[in-house]
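Q: Okay, handing you the structure first.
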Amino acid sequence: MANEHTSKLAVLIDADNAQPAIAEPLLAEVAKYGTAHVKRAYGDWTSNHLKSWKEQLLTQSIQPIQQFGYTSGKNATDSAMIIDAMDLLYSGRFDGFCIVSSDSDFTRLAARIRESGLIVYGFGERKTPDPFVAACDKFIYTDIIVGKPDEEQPLKPRTAAQLKQDSSLVNLLRNALEAASDDDGWAALGGVGSIITKQRPNFDARSYGYNKLSELIAATTLFELDRRSPGEGRPKVIYVRNKGKKTAARE
């Protein structure tokens, strides 16, 4: 697998199920994980309800894929996306896929791509069914990347007291830290983040008002953070451990 920053990604958008306003922030988010070598949006482009997508298709260089709705009540767009995804998968040219939809019909597709050893990033609204979220390696809610949470107001960072009261969050952080830590209780933040994502694909520090996992962890005031230099000229690595953790005895 290529480094995540050089990964070749295929971005497949269910335009019938996504708003055009997400196009620009979506591709900016995708750029964090790799390069979008394919950008396709699927829908019936003869339909009036998709005409607001036109400007985004041109501006973001997204290829529209025409799919007529052959039968009322049946979503032919989903089938077209799935067929194309499998063709792209078998081409062997990609390291991962970005599936943009809130539709549970793509659950099996995400699972099948992962079975082939490729990474799957899902993008959708909060209404996205849990099975599709769980089928992805990482799932990002589009309201977060657009900057318009459900409350239609920018998320205010939660206070330390609020974070501590969130037992689900605290347990998630502590369990991931425990799994990644050495004998002294220290764990590289990257390893902690990786375990968290595997346990909860839709976890995002931005949901709590923080841009980075390190900022969220620090805000809880439950953990120590230590920035270490692995060598001259190399970026510092953040390590984290529970406050009050005693250093293991040395022989």
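Q: Mind counting the residues in the range 125-134 that are over 12 Å from the mean Cα position of the chain (by Cα) and either closer than 9 Å to Ala111 by Cα or assigned to a helix (DSSP H, G or I) (or both)?
A: Count: 3.
Q: Look through the range 218-251, keep the residues that are over 25 Å from the mean Cα position of the chain (by Cα) and among the β-branched types (Val, Ile, Thr), and return whichever of them is modelled with the lowest pLDDT.
A: Restricting to residues being over 25 Å from the mean Cα position of the chain (by Cα) and among the β-branched types (Val, Ile, Thr), the top hit is Thr247.
Q: Any residue in the range 58-68 that is under 18 Å from the mean Cα position of the chain (by Cα) and loosely packed, with under 12 Cβ neighbours inside 10 Å?
A: no
Q: Identify, by number, the condition in (1) crowded, with 16+ Cβ neighbours inside 10 Å; (2) in a helix (DSSP H, G or I); (3) modelled with pLDDT of 95 or more that Phe203 doesn't meet.
A: Here Phe203 clears every test but (2).
Q: Scanning for something among the basic types (Lys, Arg) and either touching a Pro at 6+ places or on another chain (Cβ under 7 Å) or at pLDDT below 95 (or both), does the range 82-100 turn up at least one residue?
A: Here is the first cut: in the range 82-100, the residues among the basic types (Lys, Arg) are 93.
Next, from what is left, pick out any that are either touching a Pro at 6+ places or on another chain (Cβ under 7 Å) or at pLDDT below 95 (or both): none.
No, the range 82-100 contains no residue that is among the basic types (Lys, Arg) and either touching a Pro at 6+ places or on another chain (Cβ under 7 Å) or at pLDDT below 95 (or both).
Q: Do we find that Tyr239 is of a type in the set (Phe, Trp, Tyr) and not in a loop (DSSP other than H, G, I, E, B) in this structure?
A: It is true that Tyr239 is of a type in the set (Phe, Trp, Tyr) and not in a loop (DSSP other than H, G, I, E, B).
Q: Taking the range 206-220, which residues are surrounded by 13 or more Cβ atoms within 10 Å (Cβ to Cβ), of a type outside the set (Phe, Trp, Tyr) and not in a helix (DSSP H, G or I)?
A: Gly209, Lys212
Q: I'm checking my understanding of the structure. Among residues of the range 98-117 that are out of contact with any Leu (no Cβ under 7 Å at 6 or more places or on another chain) and touching a residue at least 40 places away in the same chain (Cβ under 8 Å), which one is surrounded by the fewest Cβ atoms within 10 Å (Cβ to Cβ)?
A: Here is the first cut: in the range 98-117, the residues out of contact with any Leu (no Cβ under 7 Å at 6 or more places or on another chain) are 101-112, 114-115, 117.
Narrowing further to those that are touching a residue at least 40 places away in the same chain (Cβ under 8 Å): 101-103, 106, 117.
Numbers: Ser101: 25, Ser102: 20, Asp103: 20, Phe106: 29, Gly117: 9.
Checking each candidate, the answer is Gly117.
Q: Can you give me the number of residues within the range 1-56 that are part of a helix (DSSP H, G or I), among the aliphatic types (A, V, I, L, M) and within 26 Å of Met86 (Cβ to Cβ)?
A: The qualifying residues number 7.
Q: Still on this structure: Test Leu27 against the criterion of being out of contact with any His (no Cβ under 6 Å at 6 or more places or on another chain) and modelled with pLDDT of 95 or more, and give yes or no.
A: yes
Q: Could you check the range 171-196 and list, in sequence order, the residues that are crowded, with 18+ Cβ neighbours inside 10 Å and touching a Phe, Trp or Tyr at 6+ places or on another chain (Cβ under 8 Å)?
A: Matches in the range 171-196: Leu173, Leu177, Trp186, Ala187, Leu189, Ile196.
Q: Now for a different question. Could you tell me which of the residues Gly124, Gly117 is assigned by TED's automatic domain parsing to the domain that holds Ala21, out of contact with any Gly (no Cβ under 7 Å at 6 or more places or on another chain) and over 16 Å from Asp78 (Cβ atoms)?
A: On the way: Gly124 fails: over 16 Å from Asp78 (Cβ atoms).
Just one listed residue meets the conditions, Gly117.
Q: In addition: Specify the residue that is surrounded by the most Cβ atoms within 10 Å (Cβ to Cβ); the eligible residues are those in the range 26-57 that are within 21 Å of the chain's Cα centre (by Cα) and farther than 24 Å from Asp105 by Cβ.
A: The qualifying residue surrounded by the most Cβ atoms within 10 Å (Cβ to Cβ) is Gly34.
Q: Right, another one. Checking Ala111 against (1) among the aliphatic types (A, V, I, L, M); (2) in a helix (DSSP H, G or I); (3) under 18 Å from Val38 (Cβ atoms): exactly one of these is not met. Which one?
A: The one condition Ala111 does not meet is (3).
The values are calculated or read from the model by the stated rules, or taken from the named source; none is laboratory data. In this text, all values refer to a predicted model and were calculated from it rather than measured experimentally. Positions of Cβ are generated from backbone atoms using ideal geometry, with glycine treated the same way; all protein chains shown enter the neighbour counts.
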